[in-house]
């Protein structure tokens with residue numbers, strides 16, 4: 001067994017444990033060194049990933065897999081986490097949510113995400129899900145002085161535990177139907193029809209429901225607006241970056257590779273999830289007055305757009321969803337970073353009225369916010385447009401005209417609420433003077449990186465589409 | 001004989017589980033749960049998983065339920081802390097949803113009985129022994145085993161963050 005293929009996960013586990021010890025016994029400069037160490041560990045894990053590029057293999061007697069798919073999606077997760085941690089370094093203490101353990105929890109959570117993406121056995125899917133989620137519940141409640149933050153943590157935890165129950169029951173039923181927990185054996189049982197009993201299909205649907213909770217697809221989205229709004233904003237940025245990508249990755253591996261989307265029940269289920277998420281997410285986003293809450297509903301709608309890729313199915317879905325998530329999470333993390341700066345020390349989450357006049361006092365931040373919103377709305381020439389266009393075009397080619405019509409109508413509706421924030425920033429006269437927002441080094445890094453990345457992806461998308469497509473190179 | 005033992009154990013487990021939900025005092029619920037766990041241990045024994053059955057009694061019925069009891073007693077929970085703000089329509093809605101779930105599960109169970117692939121299979125003599133469980137745990141399932149320890153570490157760290165001393169949340173200037 002070649003352990004280098006598992007070294008990113010090992011490094012994250014080690015880094016998380018050491019950071020916990022550092023928090024307990026370290027004395028000086030903890031607040032600056034902790035984020036730096038975290039970012040270094042995340043970057044090193046990324047380097048280790050790409051060092052083993054080209055190899056494929058099953059490790060630990062078929063528990064985890066190393067392939068191009070893992071490399072690509074793990075890179076997305078690591079990148080998103082680096083951006084979110086850079087924001088957190090400056091803003092957590094500002095929002096009275098500083099806990100040294102936060103950084104260790106980030107590393108552990110990312111470890112869980114990497115395990116999920118590389119899982120080749122349903123036991124690892126479950127453990128990865130828990131290792132990813134439990135730190136998230138804790139992070140949501142980090143601002144202990146605020147009842148909203150504690151509520152966010154409690155709600156997220158309860159809904160997450162509920163989702164884990166679905167997932168676990170589904171795993172048990174699939175095991176009962178196929179006699180195996182290994183994805184390759186389940187796929188084989190599925191292909192020759194042995195797994196396609198009533199039990200097997202029920203189990204598979206329960207697993208899908210458990211995962212739909214994690215990507216916050218309607219009707220399993222209830223937790224997301226509260227968790228996103230209540231959590232400290234830097235943590236919300238992390239929520240938008242990592243867990244969604246990881247959950248989509250495991251969904252892809254299970255549906256495309258193991259269970260095959262061509263099964264009519266799964267296909268209808270995913271189709272319904274996609275349409276409901278787009279529509280409900282968008283229409284509820286319109287009515288929000290808090291920018292963070294609006295972005296939470298927009299995240300639900302984006303999960304719906306990405307699910308179109310899954311409806312199309314086949315190996316093409318992997319590249320489509322990979323590329324779509326790349327465009328989405330960079331813009332979302334950037335938007336949350338701006339919000340965290342504009343909120344400053346304020347306890348309440350940022351409302352649209354708070355945005356008024358920011359174009360004057362914080363022109364750079366307001367411009368960045370406008371760029372991210374434009375990308376989320378899918379207006380050219382930034383990444384969000386290309387990603388949406390690419391997914392719609394493929395859907396039309398595969399004959400899903402109705403789905404694309406629904407999605408296009410939704411996109412047009414969404415422009416209204418996305419552009420509301422920049423319009424308030426630049427055109428509305430504030431009732432009182434807004435103070436200049438505190439800007440940390442990490443925040444500048446995140447904003448510049450996100451803005452440049454969105455424009456680069458938007459202008460020359462071919463390279464990134466190719467990269468995403470190459471991730472469809474499976475182990476089998 | 002096997003058949004009778006199975007139905008007695010399953011019946012006790014089911015009855016205790018129902019009793020668990022209908023108890024008004026948390027302490028009685030906890031005690032019913034102990035009965036459920038004991039009955040499950042008997043079922044494990046019937047599946048020739050002696051080691052798991054022993055673990056079930058020592059860890060679940062023993063250690064974990066003692067923790068449950070401690071928590072219930074420390075918090076001193078009473079009925080009036082639960083039942084007060086229950087909406088009247090909610091109960092019938094819950095019964096409706098629960099009833100649907102029961103019907104679904106029984107359908108699944110029926111399909112399971114008729115299509116079980118392992119009907120009548122005889123397991124090897126050493127199945128379920130400590131040695132074999134150990135070999136599986138430190139062989140094939142080594143990675144999940146180790147990951148579980150990380151999961152526990154996270155839970156401990158999280159509990160400390162959420163319930164530990166509060167000065168951490170102060171702004172940076174106030175800390176030495």
Checklist entry - What is region A:256-363 by shape, rounded, prolate or oblate, if you read a ≥ b ≥ c off the alpha carbon gyration tensor as root eigenvalues and call it rounded for a/c under 1.5, prolate for a/b larger than b/c, and oblate otherwise? => result prolate
Item to check | region A:95-122 and region A:174-192: distance between their alpha carbon centers, rounded to Å | outcome: 29 Å
Item to check | Exposure proxy order (Cβ contacts within 10 Å, fewest to most) of A:96, A:293, B:91 | outcome: B:91, A:96, A:293
Checklist outcome for this item: Cα pairs beyond 47 Å in the protein assembly as shown, in percent, come to 16 percent
Item to check | Helix A:198-214 axis, angle to chain A major axis (alpha carbon atoms, nearest 10°) | outcome: 20 degrees
Next on the checklist: For the ranges A:7-15, A:27-35, A:134-142, what's the packing order if you count other beta-carbon atoms within 10 Å of each residue, average per peptide, and put the highest first?
Outcome noted: A:134-142, A:7-15, A:27-35
Checklist outcome for this item: Checked region B:1-79 with the C-alpha gyration tensor, a ≥ b ≥ c its square-rooted eigenvalues, rounded below a/c of 1.5, otherwise prolate if a/b is larger than b/c and oblate if not; verdict oblate
Next on the checklist: Using only Cα atoms and rounding to the nearest 10 degrees, what angle (0 to 90) does helix A:147-178 make with the longest principal axis of chain A?
Outcome noted: 10 degrees
Checklist entry - Taking 1 over the mean of 1/r across every pair of different Cα atoms in region A:373-476, what Kirkwood radius in Å do you get? => result 16.6 Å
Checklist outcome for this item: Note to self, chain A gives a 222 nm [θ] from helices alone (DSSP H runs n ≥ 4, -39500 (n - 2.57) apiece, / all residues, nearest 500) of -25500 deg cm²/dmol
Checklist outcome for this item: Rounded to a whole number, the mean other protein chain Cβ count within 10 angstrom for residues of B:136-145 is 4
Checklist entry - Which of the peptides A:170-179, A:459-468, A:224-233 is most tightly packed, and how do the rest follow, going by the mean number of other Cβ atoms within 10 Å of each residue? => result A:224-233, A:170-179, A:459-468
Item to check | Shielding by other protein chains, A:97-103, mean Cβ within 10 Å | outcome: 4
Item to check | For region B:124-168, average projected area of the Cα convex hull in nm² | outcome: 4.3 nm²
Checklist entry - What fraction of the Cα pairs in region A:31-72, stated in percent, has a spacing above 12 angstrom? => result 66 percent
Checklist entry - When only C-alpha pairs under 8 Å and at least 6 residues apart count, what is the relative contact order of region A:305-371, in percent? => result 24 percent
Item to check | Mean Cβ count within 10 Å, highest first, over the residues of peptides A:317-323, A:274-280 | outcome: A:317-323, A:274-280
Checklist entry - Could you state the number of Å between the C-alpha centres of region A:261-319 and region B:10-50? => result 41 Å
Checklist outcome for this item: Expressed in nanometres to one decimal, the distance between label points 7 Å along Cα→Cβ at residue B:5 and residue A:347 is 6.2 nm
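Test of understanding: ordering A:398, A:302, A:221 by Cβ neighbours within 10 Å, fewest first, what list do you get? Mind showing how you got there, number by number?
Working: A:398 16, A:302 32, A:221 25.
Least to most surrounded, the residues fall as A:398, A:221, A:302.
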Checklist outcome for this item: A chain fully extended from residue A:289 to residue A:10 at 0.36 nm per residue, minus the present Cα-Cα distance, gains in nm 96.1 nm
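For region A:284-429, count the residues as N, evaluate 2.2 N^0.38 Å, and divide the Cα radius of gyration by that value, please.
After normalising by residue count via 2.2 N^0.38 Å, the value is 1.09.
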Checklist entry - Dividing the alpha-carbon Rg of region A:1-151 by 2.2 N^0.38 Å yields what? => result 1.07
Checklist entry - Taking only the alpha carbons of region A:97-229, what extent do you get along each of the three principal axes, in Å, biggest first? => result 55, 28, 17
Checklist entry - By counting other Cβ atoms within 10 Å of each Cβ, how are A:67, A:192, A:353 ranked from fewest to most? => result A:192, A:353, A:67
Next on the checklist: If I take every Cα pair under 8 Å that is 6 or more residues apart in chain A, average their sequence separation and divide by the length, what percent do I get for the relative contact order?
Outcome noted: 17 percent
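Under the rule a/c < 1.5 gives rounded, and otherwise a/b versus b/c splits prolate from oblate, where does region A:389-445 land using the Cα gyration tensor?
Oblate, since a/c reaches 1.5 and b/c is not below a/b.
Every number in this text was worked out from the coordinates using simple rules, so none of it is lab data. Model, not experiment: these values are computed from the prediction. Reconstructed Cβ throughout: ideal geometry from the backbone, glycine too, with neighbour counts over all protein chains shown.
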